Amino acid sequence: MQDNSIEMVYIPLPNHIHAEWIKKAADYGKHIICEKPLALNASEAQNAIDYAIQKGVRVMEAFMYKFHPQWQRVLELVKFGEIGRITTIHTFFGYSNTDPENIRNIKEFGGGALLDIGCYAVSTARFLLQAEPKRVLSIATFDKAFYTDITASCILDFGTVQTLFTVGTQTYSNQKVEIFGTDGSITIEIPFNIYPDVAAKVTVQNGVGIRTLELGPADQYLLEFEGFARSIGERKNAPSAYDAVNNMKVLDALFKSAESAVWEQV
């Protein structure tokens with residue numbers, strides 16, 4: 001940490017010690033990319049980011065998907081009105097992992113479907129709509145041995161748009177994002193874990209017809225690191241660290257709704 005040749009660090013540690021190590025890195029003046037979710041709850045995320053900013057360093061939550069050409073192009077298409085006004089977004093993200101020693105299955109470490117992969121579904125909805133949900137509804141199933149949420153189905157209410165997603169840690173491994181609008185739809189075949197050596201495929205359907213875009217190949221992790229490093233060097237275009245806090249606020253509300261079985265305000 002005392003090496004002055006190091007300007008930025010990457011924190012890939014388990015979720016429950018992200019905030020601790022953000023502060024430690026900030027103490028040494030290192031800019032930080034921290035894995036998602038940035039903390040276990042919004043309050044913890046806010047505290048860690050406030051601390052880092054007071055130390056004069058930048059923090060970015062590591063949502064690498066935002067840097068991939070497929071997501072950049074999809075956001076452009078949405079903004080251009082390619083499918084009209086978005087009416088809903090449906091996301092599925094799941095895998096199968098029943099290893100009791102895996103951090104994703106340890107509740108105290110921030111394991112479970114919502115924190116591990118639900119954070120993507122929340123982030124992508126906010127990214128595409130460029131807005132924050134007003135309230136959320138969540139139904140979750142919990143593992144009897146791990147006590148983590150292994151399946152969660154959720155609705156995010158953005159006012160004029162409602163987005164839906166299901167995430168699971170003990171289900172068929174698959175992922176897809178479908179965006180529906182008043183004039184068409186966009187389907188992202190592999191939205192999150194796209195291979196770096198093949199082009200990503202995005203299907204666009206509207207009144208003109210159906211076309212498949214091939215975007216890439218691209219290493220989204222490399223693009224993420226290069227983008228953050230460039231923002232530091234140029235001292236501009238830095239993503240807001242507080243985006244991580246807003247994402248956590250939604251996740252906090254989803255956990256609350258899973259317990260209360262009613263809509264919860266964000």
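Where a number appears in this text, it was derived from the coordinates with a stated rule and is not lab data. Fair warning: this is a prediction, and the values are worked out from it, not measured in the lab. Using ideal geometry, Cβ is built from the backbone for each residue, glycine included, and neighbour counts are taken over all protein chains shown.
Can you give the charge dipole size of the chain about its Cα centre, rounded to the nearest 20 debye, using +1 on the beta carbon of Lys and Arg and -1 on the beta carbon of Asp and Glu? Don't jump to the answer; show the numbers that get you there.
Working: 24 positive and 31 negative charges, 113 e Å.
My answer is approximately 540 debye.
Adding -39500 (n - 2.57) for every DSSP H run of four residues or longer, then dividing by how many residues the chain holds, sets the calculated 222 nm ellipticity at -9500 deg cm²/dmol.
Just so you know, the Cα atoms of the range 9-108 work out to an Rg and Dmax of 17.3, 48 Å. Subtracting the Cα-Cα distance of LYS23 and ALA131 from 0.36 nm times their residue separation leaves 36.0 nm of extension gain. Does the range 208-266 come out rounded, prolate or oblate by the C-alpha gyration tensor, with a ≥ b ≥ c the root eigenvalues, rounded set by a/c under 1.5 and, if not, prolate when a/b is larger than b/c and oblate if not? Oblate shape, in that a/c is at least 1.5 and b/c is the bigger or equal ratio. When THR98, THR124 are arranged by Cβ crowding within 10 Å, least crowded first, meaning fewest neighbours, the order is THR98, THR124.
Can you figure out the FRET efficiency of LYS144 with TYR242, using R₀ = 35 Å and their beta-carbon distance, to the nearest 0.05? Provide the component values of the computation, followed by the final result.
Working: r = 37 Å, r/R0 = 1.05.
The formula returns an efficiency of 0.40 here.
With the simple model of a label 7 Å out from the Cα in the direction of the Cβ, ALA261 to GLU7 spans 5.5 nm. Under 5 Å from the amide H of ASP183 lie the amide H atoms of GLY84, ARG85, each residue being 5 or more positions distant or on a separate chain, with H modelled from the backbone and absent for Pro and chain starts. Using alpha-carbon pairs under 8 Å, 6+ residues apart, how would you state the relative contact order of the chain in percent? After rounding, I find 22 percent.
Considering only TYR242, ALA52, PRO191, and ranking their Cα positions along the charge dipole of the chain that arises from unit charges at the beta-carbon of Lys, Arg, Asp and Glu, the one farthest toward the positive end is TYR242. For HIS90 and ILE232, the difference between the fully extended length at 0.36 nm per residue and the C-alpha to C-alpha distance is 47.7 nm. The range 222-261 and the range 65-140 have their alpha-carbon centroids 12 Å apart. Using only side-chain charges placed at the Cβ, +1 for Lys and Arg and -1 for Asp and Glu, the dipole size of the range 126-239 relative to its Cα centre rounds to 280 debye. Within the chain, the percentage of alpha carbon pairs spaced more than 32 angstrom apart rounds to 23%.
For ASP99 and ASP197, FRET efficiency with R0 = 25 Å and r from the beta-carbon atoms, rounded to 0.05?
The computed FRET efficiency comes out at 0.35.
From Cα pairs below 8 angstrom and at least 6 apart in sequence, can you work out the relative contact order of the range 49-146, rounded to a whole percent?
18 percent.
When every alpha-carbon pair in the range 136-203 is counted, what percent end up more than 18 Å apart? Percentage above 18 Å: 55.
Volume per residue for the range 150-266 equals 167 cubic angstrom (convex hull of Cα atoms). Here's the picture: a label point sits 7 Å out from the Cα of VAL208 along the beta-carbon direction, and within the range 65-100 the residues with their amide nitrogen under 20 Å of it are 70-87. Legend: ranking of residues PHE80, PHE228, PHE93, PHE158 from fewest to most surrounding C-beta atoms inside 10 Å; resulting order PHE80, PHE158, PHE228, PHE93.
Arranged by the count of other C-beta atoms within 10 angstrom, fewest first, what order do TRP21, TRP71 take?
Working: TRP21 16, TRP71 25.
Going from sparsest to densest Cβ surroundings: TRP21, TRP71.
Pairs from the list LYS36/LYS256; LYS23/LYS256; LYS24/LYS249; LYS24/LYS201; LYS23/LYS79; LYS144/LYS249 with a Cα-Cα gap above 31 Å: LYS24/LYS201; LYS23/LYS79.
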